[in-house]
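Every number in this text was worked out from the coordinates using simple rules, so none of it is lab data. Just so it is clear, the structure is predicted and the values come from calculations on it, not from any experiment. Here the Cβ positions follow ideal geometry from the backbone for every residue, glycine too, while neighbour counts run over all protein chains shown.
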Amino acid sequence: MTDSKKFNPIYLLSILYVLYVYSFPFWFFEVKTDNALFYPIMLGVLIAFAFVETAVLLIFRNKLSDQTVYTAAIIIKYSLIPFYIISGNIISLMFLVPMMMGMWIILPITGWIMLACAAPFSVSAFNRQRKLHPESKKLCIAGMICQFFFCADVISLMAASFKMKYRRKATAAAIIVALMIIGIIAALIIFGFAAGAVAIIVDTIKEKFAL
């Protein structure tokens, strides 16, 4: 596989998608509006991105190299790793709050739409590998299917990176960042439980002495 190592304009589309996804919580929670169509419009922008990505892939299919398409895919997928890890944990905490029951449905569905609308580049990357390496047809098809499932989408791209020996440094960096974020969140959760336990013990002791 060869790579011109030049910045391709298609990468701007990936970057814009990532920026929009990261701005999504702000528009969702902070913007005050009585317009019932606001949320559907936000989702519509995500879907529009997917159509534009697909159109670019079809129109410039003979001008885009396999490496360029794969790079466009990992720009989106790797950049969104922190977003999905953090938002996933926040959604999990919401299950402890009955008053936020509506969010239990809305947020996971919104997250999946984000996942699906980011899929055109990665699906195309696996499809190109399927045509280039017929012997890996089943693995490539599995990779395409994985793009519509949380975690499996990123893991399949990482596996492809090491198999193709392409963008391995970026993949290694993404793995390190993911592990660091997971480690920090785990430490905060443990600290939170420990602090809560200490507070309960202290209150119990105070009650006994008060008696």
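For the chain, the longest principal axis of the alpha carbon atoms and the long axis of helix 38-59 meet at an angle near 30°.
FRET efficiency for I86 and V198, Cβ-Cβ distance as r, R0 = 22 Å, nearest 0.05? According to the calculation, E is roughly 0.25. Annotation note: trypsin sites (Lys or Arg not before Pro) in segment 63-128 located in DSSP loop regions with a Cβ neighbour count of at most 15 within 10 Å are K63. Gain on full extension, evaluated as 0.36 nm per residue between V97 and Y22 minus their Cα-Cα distance, stands at 24.6 nm.
Among residues other than A118 with Cβ under 12 Å from its Cβ, the summed charge is -1 (Lys and Arg +1, Asp and Glu -1). In plain terms, the bigger the Kirkwood radius, the slower the diffusion; for segment 92-211, with that radius from Cα pairs, at 20 °C and 1.002 mPa s, Stokes-Einstein puts D at 118 µm²/s. Approximating the spin labels as points 7 Å out from Cα along Cα→Cβ, the E135-to-I205 distance works out to 6.8 nm.
Are any of the pairs K77/K169; K131/K169; K6/K138; K77/K163; K6/K165; K63/K169 more than 23 Å apart by Cα-Cα distance, and if so, which? The answer is K131/K169; K6/K138; K63/K169. For the chain, the dipole from Cβ point charges (+1 on Lys and Arg, -1 on Asp and Glu) about the Cα centre works out to 1040 debye, to the nearest 20. Here the residues R61, R167, ranked from fewest to most Cβ neighbours within 10 Å of their Cβ, fall in the order R61, R167. Take each peptide in 113-126, 11-24, count the other Cβ atoms within 10 Å of every residue, and average; sorted highest first, the result is 113-126, 11-24. Expressed per residue, the C-alpha convex hull volume of segment 10-167 stands at 113 Å³. Spacing of the modelled spin labels on I47 and I145, each 7 Å from Cα toward Cβ, amounts to 2.6 nm.
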